1. Hey, can you tell me all the residues within region 61-108 that are surrounded by 19 or more Cβ atoms within 10 Å (Cβ to Cβ) and among the acidic types (Asp, Glu)?
2. Condition first: charged (D, E, K, R) and not in a loop (DSSP other than H, G, I, E, B). Now tell me which residues in region 81-124 satisfy that.
3. Show the residue pairs meeting these rules: Cβ distance below 6 Å; 6+ apart or different chains; first residue within region 28-51 and over 21 Å from Tyr130 (Cα atoms); second residue among the basic types (Lys, Arg) and at pLDDT 90 or above.
4. Go through region 49-65 and report how many residues are assigned to a helix (DSSP H, G or I) and either over 13 Å from Ala136 (Cα atoms) or out of contact with any helix residue (DSSP H, G or I) (no Cβ under 8 Å at 6 or more places or on another chain) (or both).
5. Looking for whichever is over 16 Å from the mean Cα position of the chain (by Cα), in the same structural domain as His240 (by TED's automatic domain parsing) and surrounded by fewer than 22 Cβ atoms within 10 Å (Cβ to Cβ) here; the options are Asn169, Asn151. Which one fits?
6. I'm checking my understanding of the structure. Among residues of region 272-331 that are among the charged types (D, E, K, R) and farther than 16 Å from Ala232 by Cβ, which one is modelled with the highest pLDDT?
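The values are calculated or read from the model by the stated rules, or taken from the named source; none is laboratory data. Keep in mind it's a predicted model, so treat the numbers as computed, not measured. Here the Cβ is made from the backbone with ideal geometry for all residues, glycine too, and neighbour counts use every protein chain on show.
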Amino acid sequence: MVYLYLFICLPIGIFLALNTLHYFFYAVLGRLGRADDVTPSATGDVVRKIAVLVPAYKEDTVILDSVRANLGQDYPRDRFDIIVIADGFQPHTLTALAELPVRVLPVSFAVSTVTRALCAALDSLAPDAYDLVIVADADNHLAPDFLSRVNAAFAGGWRAIQGHRVAKNLDTRVALLDAVSEEINNHITRKGYRAAGLSATIIGSGMAVDLRLMKAAMSGLTTIGGFDKELAMKLAIGGHKIGYLEDAFVYDEKVAKRAVFEQQRTRWIAAQWQFVADYFRPGMGQLLRGQWLSGLKLVQEMALPKVLLLGLLGLVFGVSLLVGYAPATLALGGLLVLFVASLLLSIPGYLWKKLSFRDLGVVFSLMFSFIKAAFNMRRAFKSFMHTPHNA
């Protein structure tokens, strides 16, 4: 019985150990390292021309509020434009947008995706029209100094950066735990990666990229979901690191309901699966040739999602208790403790104040939603699964 258990579980245990050590290593580095923030200079920095691209699919309920908020930047008004890529908007929303000092690019696709919306906008821009582009979701509110901080980072030589996305709403337990998940990612896969000298991961919004670089990297992308993963890989192949600005805040709406959480994660898991399938062979080839930036990007994307890893560690640990094989039980228990420590290290203080033991029940509920999302990911390969936002 024990030998059969070891034969089956040893490879699984090794895989879980590698994932756990990955998260723990970068969680510790995130505590020790620093982000790439540069204090904006009152004088001296070139004031770059910036295009804020907002791909929006049927976002009539939130777009006007977001646009008005994002117009309140402390950046010179003649040096940035907000470009709303309006897909499926109601006529009254388009009329209201026309009254604001923004550009509106109406688009329509047989299958609507963020990739197609962004490519349409980039194709409409001359290479010298702007110095850089920022991508923002329709619900995102950029902090008033966001553009100034991005401009200062580009003055320091960066050509691609990711801002710090934080929750705009903490009104339900699902939204609170979604915010916790986002901040853990910020700590581990952005601040931690940068502390190791690697590229920060990008999220798909709150990121800034040199316009010419963005045009080249997005050219030819056809992915239905997860364009940010492929974009990051193309940047890595070109030798361009992605910085992380911890003090450049982007306020993002967190999902408030379990059903929406499940739909969103279905799209994310499908995007991760598709990325690994498409880039496994070339990524491993680059790793073997010593092209670390792009090779390690593949390795990073192969890490299990946090909720899924937590569930698997708990399940295998429980099985080891039933089998009664002490060495495996101790090893798996140690991995479980190490992974939980990684998560605890990564949660910022302001969220600790809002968490309670009652939220643990929601964690288990979301774990089951994540498992369902993994089994439903084929849906995301066929059509873009839009995450609805609230006004």
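1. Asp87 - this is the single residue of region 61-108 that is surrounded by 19 or more Cβ atoms within 10 Å (Cβ to Cβ) and among the acidic types (Asp, Glu).
2. Going through region 81-124, the residues charged (D, E, K, R) turn out to be 81, 87, 99, 103, 116, 123.
Within region 81-124, Asp81, Asp87, Arg103, Arg116, Asp123 meet the criteria.
3. Taking only residues 6 or more apart or on different chains, the pairs are Gly30/Lys191; Ala35/Lys191.
4. Here is the first cut: in region 49-65, the ones assigned to a helix (DSSP H, G or I) are 63-65.
Of the ones still in play, those that are also either over 13 Å from Ala136 (Cα atoms) or out of contact with any helix residue (DSSP H, G or I) (no Cβ under 8 Å at 6 or more places or on another chain) (or both) are 64-65.
Residues flagged as assigned to a helix (DSSP H, G or I) and either over 13 Å from Ala136 (Cα atoms) or out of contact with any helix residue (DSSP H, G or I) (no Cβ under 8 Å at 6 or more places or on another chain) (or both) within region 49-65 amount to 2.
5. Details: Asn151 fails: surrounded by fewer than 22 Cβ atoms within 10 Å (Cβ to Cβ).
Asn169 is the lone residue from the list that is over 16 Å from the mean Cα position of the chain (by Cα), in the same structural domain as His240 (by TED's automatic domain parsing) and surrounded by fewer than 22 Cβ atoms within 10 Å (Cβ to Cβ).
6. Looking only at region 272-331, we keep the residues that are among the charged types (D, E, K, R), and these are 278, 281, 289, 297, 301, 306.
Pick out the ones that are also farther than 16 Å from Ala232 by Cβ and you get 281, 289, 306.
Details: Arg281: 80, Arg289: 78, Lys306: 87.
Among those that are among the charged types (D, E, K, R) and farther than 16 Å from Ala232 by Cβ, it is Lys306.
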